[in-house]
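What follows is a short report on a single structure.
The values are calculated or read from the model by the stated rules, or taken from the named source; none is laboratory data. Please read these numbers as outputs of a predicted model, since none were measured by experiment. For neighbour counting, all protein chains shown are included, and Cβ atoms are generated from backbone atoms with ideal geometry for every residue, glycine included.
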Amino acid sequence: MKDKWLLYVVRCADDTLYTGVTTDLERRLQEHNTSSRGSKYTRTRRPVVVVYSEVHADRSSAQKAEHQFKKMAKAMKEKVISESR
């Protein structure tokens, strides 16, 4: 069985948003918060918390969704996040 891919959004300590894709959200969150394997962006903005995620069938569709999400204005991103709760 193939791994499911997730688009995820974390809120950093400085209230900025970081978007990425992964097959293991728990591992990725731990990397962002505690290891050098987290992104360079989040390393200086710890701690981060997951505020949004969505499942995709494959890496390609997750990366396309990530690209679309990143193009949104912050107000629209916040709306998507708040409506998902």
> Can you name every residue in the stretch 48-77 that is of a type in the set (Gly, Ala, Ser), surrounded by 13 or more Cβ atoms within 10 Å (Cβ to Cβ) and under 15 Å from Arg11 (Cα atoms)?
Replying inline: Ser53
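Regarding Arg45, is this residue surrounded by 14 or more Cβ atoms within 10 Å (Cβ to Cβ), more than 14 Å from Val10 (Cα to Cα) and modelled with pLDDT of 95 or more?
Considered against the rule, which asks whether it is surrounded by 14 or more Cβ atoms within 10 Å (Cβ to Cβ), more than 14 Å from Val10 (Cα to Cα) and modelled with pLDDT of 95 or more, Arg45 comes out as no.
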>> Can you pull out every residue in the stretch 47-77 that is assigned to a helix (DSSP H, G or I), free of Cβ contacts under 8 Å to residues at least 24 places away in the same chain and within 14 Å of Thr16 (Cα to Cα)?
In response: Ala75, Met76
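A quick yes/no check of all residues on (1) charged (D, E, K, R); (2) on the phi < 0 side of the Ramachandran plot; (3) in contact with an Asp or Glu (Cβ under 9 Å, 6 or more places away or on another chain):
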residue: Asp15; (1), (2), (3): yes, no, no
residue: Gln30; (1), (2), (3): no, yes, no
residue: Asn33; (1), (2), (3): no, yes, no
residue: Arg37; (1), (2), (3): yes, yes, yes
residue: Tyr41; (1), (2), (3): no, yes, no
residue: Val49; (1), (2), (3): no, yes, no
residue: Tyr52; (1), (2), (3): no, yes, no
residue: Val55; (1), (2), (3): no, yes, no
residue: Ser60; (1), (2), (3): no, yes, no
> Residue check: is Val80 surrounded by 12 or more Cβ atoms within 10 Å (Cβ to Cβ) and assigned to a helix (DSSP H, G or I)?
Replying inline: yes
>> For the stretch 23-46, which positions are under 12 Å from the mean Cα position of the chain (by Cα) and in a loop (DSSP other than H, G, I, E, B)?
In response: Thr23, Asp24, Gly38, Ser39
> Out of the stretch 55-85, which residues are out of contact with any Phe, Trp or Tyr (no Cβ under 8 Å at 6 or more places or on another chain), within 15 Å of Leu6 (Cβ to Cβ) and among the charged types (D, E, K, R)?
Replying inline: Lys64, Glu66
> Does the stretch 32-42 hold any residues that are surrounded by 15 or more Cβ atoms within 10 Å (Cβ to Cβ) and under 14 Å from Ala13 (Cα atoms), and which are they?
Replying inline: His32, Asn33, Thr42
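When you check Arg85 against the structure, is it in contact with an Asp or Glu (Cβ under 7 Å, 6 or more places away or on another chain), assigned to a loop (DSSP other than H, G, I, E, B) and free of Cβ contacts under 8 Å to residues at least 12 places away in the same chain, yes or no?
Answer is no for this residue.
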> Within the stretch 1-15, how many residues are more than 13 Å from Pro47 (Cβ to Cβ) and surrounded by fewer than 17 Cβ atoms within 10 Å (Cβ to Cβ)?
Replying inline: 4
